[in-house]
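Below is one structure; the comments refer to it alone.
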Amino acid sequence: MAKLRQFFNISYCRYYSIQQAKKKLPIISCKRPEYNHFEGQTYSKFEGIKLASSGWLHPKSKTDHFTIYYNANKKEEKDEYKKSFEEIGVCKELREVMFAKGFQLPTRIQAKAIPAVLEGYNTTITAETGCGKTLAYLLPIFQHILEWKPHLSEEFNSPLAVVLTPSRELASQIGEVAESIAHSLNINVSTLIGGHTKRKMLNPPIEYTDVLVTTVGAYSKLVTTGILKIHNVHHVVLDEADSLLDDTFVGKVGHLLKKFGIHYKVQVQTPPVGCQLTLVSATMPHELPESVNSFVDPQSLRTITTSSIHKLLPHVPQKFIRLGKAQKPTELLKLVQADVNCKRPVMIFSNKTATCDFVSMFLNENNVECININGQMQVSIKEGKFELFKNGLVNVISCTDIASRGLDTTRTKHIINYDFPLYTSDYIHRCGRTGRMGSDENCMVTNFVAWPREIQLVQKIETSVRKNTDLPNVNANIRRQIEDRITRMAGFGK
């Protein structure tokens, strides 16, 4: 009898909490209301979590959908990080530049990261997309250069700081940001991207450079040939570090960074001694690859992060639609035509180049102007395409994951994942192209979910939101090429 009474008490308390929660708007709103999820709602460990996507492997589930509106359980960080640029140690010259650009206060990640970099610590900066991570490392680097430069003799092709990126597009964008700050200061910024490396090797550039923003491939070649000197480099930044430490780049990055002699902690002085490392990304492995040990002591890295890391965007609705492969083009056209009519800039992501090209051709054939960009394009064709979208000359762009990392797309109001990504980190980066600092309100994400592997990832994402936990396996893509090959051999992938 006591056990029966306890069971009814627990059932009543759970029923009461659900009824109280339902007075608020749902965090997850489903096609079938019985699967809605509300703030404060919990689940019995005996009954398990009922997912709206639980039956999506069945063919009859097509057209089912649910929307995640925001993480209502997200706790705001304390206001103690709401400090002024002066309070966190930014010098007068840089404060004046920031004020002229309309930045009155640093963002939360800037307030936490800038002092650590200024003090000479090797730093890992990990924070949600679009929160100002680029300025979090550029400002302290510029401040160091302003202090050092009057006491150093200038040398051709011998920068004081190097920012390495995985893509040309990101290097160009960071270069623009750096140049806009350095414009009124006595600091020279250069941007070096691949595509013309052989020409530079035959006709080496001769220029004074304080800050060099470049891709790993182009920089590595010019350092190896001795065209670019590294003995004066006192700052090295890996932007999108999780990508640069992935299997694709880590061998070349490790070989390159061994040459810099990165210190445990740089003693900030004039003239400077030693080299300082900064790793920056929206997603970062909890444990760095062993290869990192070859160029930096992991114990020397100070980790700067926020409470929103590895979570869904808090204020951007994200809709998940279960579709069959044949239904995707029709649904895409309907959504994009609505975006065009409302003048809503939209980015459409695909997993493969062939699909990216198809999306672009399909939309253009249906009188929707669309450009596309992917990693297999020749540099001459790709150059300038993203700028057309960024500058508002075109409102629809079809792309692969080459456009998902780091690119500042504050005008993007709608993300459509025509192919749902196979890795959580890719999903975070794609969604991060909208809802950024400076973006307009009413941004949104729409996901087409068709294949079994995609459904499994959606179920994990939905579970994490219902449990109010971090997104699962954010950095489980270190060996993605091997995993994909095994999956295809098993007949499970697409």
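The values are calculated or read from the model by the stated rules, or taken from the named source; none is laboratory data. Because the structure is a prediction, the values reported are computed rather than measured. Ideal geometry is used to build each Cβ from the backbone, glycine not excepted, and the neighbour counts take in all protein chains shown. Heavy atoms of the whole protein, side chains included, go into the accessibility calculation; ligands, DNA and RNA do not. Shrake-Rupley method; radii C 1.70, N 1.55, O 1.52, S 1.80 Å.
Being outside any strand (DSSP E or B), under 23 Å from residue 302 (Cα atoms) and of a type in the set (Asp, Glu) is the requirement here; does residue 247 meet it? Outline the logic, then answer.
Details: outside any strand (DSSP E or B): yes; under 23 Å from residue 302 (Cα atoms): no; of a type in the set (Asp, Glu): yes.
Criteria not met by residue 247.
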Inside the stretch 329-373, can you point out the residues that are assigned to a helix (DSSP H, G or I) and polar (S, T, N, Q)?
-> 330, 337, 341, 353, 355, 360, 364
Looking at the stretch 99-118, which of its residues are within 15 Å of residue 137 (Cβ to Cβ), hydrophobic (A, V, I, L, M, F, W, C) and either out of contact with any strand residue (DSSP E or B) (no Cβ under 8 Å at 6 or more places or on another chain) or open to solvent by 30 Å² or more (accessible area, probe 1.4 Å) (or both)?
-> 111, 114, 118
Per the list (1) surrounded by 14 or more Cβ atoms within 10 Å (Cβ to Cβ); (2) outside any loop (DSSP other than H, G, I, E, B), residue check on residue 326 breaks on (1)
Residues being open to solvent by less than 30 Å² (accessible area, probe 1.4 Å) and modelled with pLDDT under 90 - total across the stretch 172-191 = 1
Given the conditions (1) at pLDDT 95 or above; (2) touching a Pro at 6+ places or on another chain (Cβ under 9 Å); (3) of a type outside the set (Asp, Glu), every one holds for residue 292 apart from (1)
Could you pull out the residue among 94, 164, 139 that is in contact (Cβ under 8 Å) with a residue 60 or more places away in the chain, open to solvent by less than 10 Å² (accessible area, probe 1.4 Å) and within 30 Å of residue 194 (Cα to Cα)?
-> 164
Mind checking which residues of the stretch 128-155 are within 15 Å of the chain's Cα centre (by Cα), closer than 21 Å to residue 90 by Cβ and of a type in the set (S, T, N, Q)?
-> 134
